[in-house]
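Structure first, then comments.
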Amino acid sequence: MSITFIGAGNMATAIAGGLIGRGRRPGEIAFVDPVAEQRAKLAAQYPGARTFAAPGADAVAGATIVVLAVKPQQMREACTALAPHVARVPVVLSIAAGTRSRDIARWLGGYARIVRAMPNTPAMVGAGISGVYAGPDVDVAGRAAATAVLEAAGEVLWCAREEALDAVTGVSASGPAYVFYFLEALEQAALELGFAEADARRLAYATFAGSVKLAQASSLDPATLRAQVTSKGGTTERGVATLDAGSVRQTFIDAVKAAAARAQELGAASGKD
């Protein structure tokens, strides 16, 4: 499989690193980036990988899949430059937030074999999850190629409707920020209870990591696991009661829905000419 990344930022390089870690040869990968310093860095980091300044015919020649990994505000320009050269590419995968398939297709001159994915930042350590949608023109081989690329960065969740990617954005793409938010709070609480900074952080990180590991290893749902920790009249019950008094649960749910709604707004706005 030959892969061309249009845009060579953190997410593209993370996925490329995952692909190489899974046995792909650097020579199967090409990067398109207008910044000479970034191209030189990639050439040194992945010896044998090809680099190009613009998405011309040579950059996508023989590509099994082209990955659009530019920022949403750069998508129209990138697609317009790619349009004259994309006809023979079996499938195009976009990992740009918000930009709709119909707009990508329009900017690509009517090209319709488009897969959209919404990854998250843990992809940079191979522990991400991507919500993915394929348009009706994408065949089995195209879906398989997109899956192979995205699995190099973590898990893949296929969605039946493109609109579901806005919800994915609210839940998992924005989700790391929520986790870091609660890590900040737990660490700050430990500091205020007298722990040194290094120990406070260690307690917070290990608590989150261990709890997730326990949940993944258990057949029980999170509510039951929480109840098992919350003894009647005990310390955890007092803490959870304080969270409930502050409507933390509902506020958190509202935050996820707000992020999803914003993703929908940005997607609508990105397609306006």
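The values are calculated or read from the model by the stated rules, or taken from the named source; none is laboratory data. A quick note: this is a predicted structure, and the numbers were derived from the prediction, not measured. Positions of Cβ are backbone-derived with ideal geometry, glycine not excepted, and every protein chain shown enters the neighbour counts. Please note that ligands, DNA and RNA were not included when accessible areas were found on the heavy atoms of the full protein model with its side chains. Shrake-Rupley method; radii C 1.70, N 1.55, O 1.52, S 1.80 Å.
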Please compute the net charge surrounding Ala260, taking Lys and Arg as +1 and Asp and Glu as -1 over other residues with Cβ under 13 Å from its Cβ. -2
Compute a Gaussian network model of the chain, connecting alpha carbons closer than 10 Å, and tell me which residue from Gly135, Gly194, Gly18 fluctuates the most. Gly194
Once you sort the root eigenvalues of the Cα gyration tensor of region 91-151 as a ≥ b ≥ c, which label holds: rounded (a/c under 1.5), prolate (a/b larger than b/c) or oblate (the other case)? oblate
Taking the convex hull of the Cα atoms, report for region 18-164 its projected area averaged over all directions, in nm². 8.2 nm²
Can you tell me which of Val248, Val229, Val125 moves the most in a GNM of the chain? Springs connect C-alpha atoms under 10 Å apart. Val229
Given H placed 1.01 Å from N in the peptide plane, which residues other than close sequence neighbours of Ile29 have an amide H under 5 Å from its amide H? Ile3, Arg50
List the relative contact order of region 1-88 as a percent without decimals, with contacts defined as Cα pairs under 8 Å and 6+ residues apart. 37 percent
Using Cα-Cα distances under 8 Å and only pairs 6 or more residues apart, what relative contact order does region 106-184 have, in percent? 33 percent
Cα-Cα P(r), region 128-238, percent of pairs per 10 Å interval: 12, 27, 31, 19, 9, 3
Which trypsin sites (Lys or Arg not before Pro) from region 181-273 combine a DSSP loop assignment with at most 15 other Cβ atoms within 10 Å? Lys232, Lys272
Could you work out the equivalent-ellipsoid semi-axes for region 3-73, taking the square root of 5 times each eigenvalue of the Cα gyration tensor, largest first, in whole Å? 16, 14, 12
Counting only protein heavy atoms and using a 1.4 Å probe, what share of the accessible area of region 147-260 belongs to carbon plus sulfur, as a whole percent? 61 percent
In percent, how large is the relative contact order of the chain, given Cα pairs closer than 8 Å and 6 or more residues apart? 16 percent
Sorted from largest down, give the three principal axis spans of the alpha carbons of region 170-232, whole angstrom values. 36, 34, 19
Express in whole angstrom the spacing between the alpha-carbon centres of region 140-188 and region 259-273. 18 Å
Using only the Cα atoms of the chain, what do you get for the radius of gyration and for Dmax, in Å? 21.5, 69
When the chain is modelled as a GNM with alpha-carbon springs shorter than 10 Å, which of Asp199, Asp33, Asp139 fluctuates the most? Asp199
Accessible area (Å², per residue) of region 1-110, counting only protein heavy atoms and a probe of 1.4 Å: 43 Å²
